[in-house]
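Written below as structure tokens is the structure these notes are about.
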Amino acid sequence: MPVVPPTHSVERSLRRAGAQVVVGLDEVGRGSWAGPVTVGAAVTGLRKPPDGLTDSKLLTVRRRGALAPLLADWVTAYALGHASAQECDELGMTAALRLAAVRALEALPVRPDAVILDGKHDYLGGPWQVRTVIKGDQSCICVSAASVLAKVHRDALMAEIGESHPEYGFADNAGYPSPVHRAALEELGPTEHHRLSWSYLDALPKWRHLKRERTFAGADEQLTLGF
């Protein structure tokens, strides 16, 4: 089934409502066992994007890698924000996502009047004016751009981390569940880059004592993927 290209439709509606600067936000790393959760923020204006832009998950690694530098030159502005594995453990995923998003927004050279947020849950909240869009990473140009930039940057970061921990295969799995990652965890246990409140530790008797109990409120358990 052909992929429908993203548009500026939502951004135009926000502009008609008075927003001058509209930013798209998308996250990557939410379901990862290791590494930060990363939020990309992109301001694109209403210009035509580079060909082939869509949700990063629908693009091959090679295509994402070729598209990211084109986007970095094309966007009006972009920034990335991270919340570390330790912050994910301490805060829970919803609060960690908000922290990463705020860091990205505050790193932009302009303050947005409105934010288009991928998904149906507003993890950002006030004082930002937020419009949530289900599958916004496929349908909204600025969110698609944020998606690709965040994914490529985080994948590169995880590959760099993986140079010190080659057994875990971070260059290939970016910290997400995989057979190689699972086998390394069973044998070697978690590194300093792993999230220790995630449920994968329940299936590791040798390392279960390292698990951090969750003390924060919120319905984050569905985000802590196990084996």
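The values are calculated or read from the model by the stated rules, or taken from the named source; none is laboratory data. Since this is a predicted model, take the numbers as computed values, not measurements. Neighbour counts run over all protein chains shown; Cβ positions are idealised from the backbone, glycine included. What goes into the accessible areas is simple: the full protein's heavy atoms, side chains included, and nothing from ligands, DNA or RNA. Shrake-Rupley method; radii C 1.70, N 1.55, O 1.52, S 1.80 Å.
Checking the conditions here, which among PRO112, PRO69 is more than 17 Å from the chain's Cα centre (by Cα) and in a loop (DSSP other than H, G, I, E, B)?
Just one listed residue meets the conditions, PRO112.
Scan the stretch 172-181 and give yes if some residue there is closer than 30 Å to ALA107 by Cβ, of a type in the set (Phe, Trp, Tyr), within 15 Å of the chain's Cα centre (by Cα) and at pLDDT 95 or above, otherwise no.
Taking every residue of the stretch 172-181 in turn, at least one turns out to be closer than 30 Å to ALA107 by Cβ, of a type in the set (Phe, Trp, Tyr), within 15 Å of the chain's Cα centre (by Cα) and at pLDDT 95 or above.
When you check LEU80 against the structure, is it within 15 Å of the chain's Cα centre (by Cα) and among the hydrophobic types (A, V, I, L, M, F, W, C), yes or no?
In short, yes.
Checking the condition of a type outside the set (A, V, I, L, M) and crowded, with 18+ Cβ neighbours inside 10 Å, which residue from ARG98, ARG62 passes?
The conditions single out ARG98.
Determine, yes or no, whether GLY24 is of a type in the set (Gly, Ala, Ser), over 14 Å from SER144 (Cα atoms) and either open to solvent by less than 10 Å² (accessible area, probe 1.4 Å) or not in a strand (DSSP E or B) (or both).
Against the criterion (of a type in the set (Gly, Ala, Ser), over 14 Å from SER144 (Cα atoms) and either open to solvent by less than 10 Å² (accessible area, probe 1.4 Å) or not in a strand (DSSP E or B) (or both)), GLY24 does not qualify.
Kindly establish whether PRO127 is open to solvent by 50 Å² or more (accessible area, probe 1.4 Å) and without any contact (Cβ under 8 Å) to a residue 12 or more places away in the chain.
Taking the combined requirement at face value, the residue satisfies it.
Could you tell me how many of the residues in the stretch 149-206 are in a loop (DSSP other than H, G, I, E, B) and touching a His at 6+ places or on another chain (Cβ under 6 Å)?
Summing the residues that are in a loop (DSSP other than H, G, I, E, B) and touching a His at 6+ places or on another chain (Cβ under 6 Å) in the stretch 149-206 gives 2.
Considering only the stretch 27-42, state which residues are under 18 Å from ASP137 (Cβ atoms) and either open to solvent by 10 Å² or more (accessible area, probe 1.4 Å) or assigned to a loop (DSSP other than H, G, I, E, B) (or both).
Selection gives GLU27, VAL28, GLY29, ARG30, GLY31, SER32.
Looking only at the stretch 1-21, which residues are open to solvent by 50 Å² or more (accessible area, probe 1.4 Å) and in contact with a helix residue (DSSP H, G or I) (Cβ under 9 Å, 6 or more places away or on another chain)?
Passing the criteria: VAL3, VAL4, PRO5, THR7, SER9.
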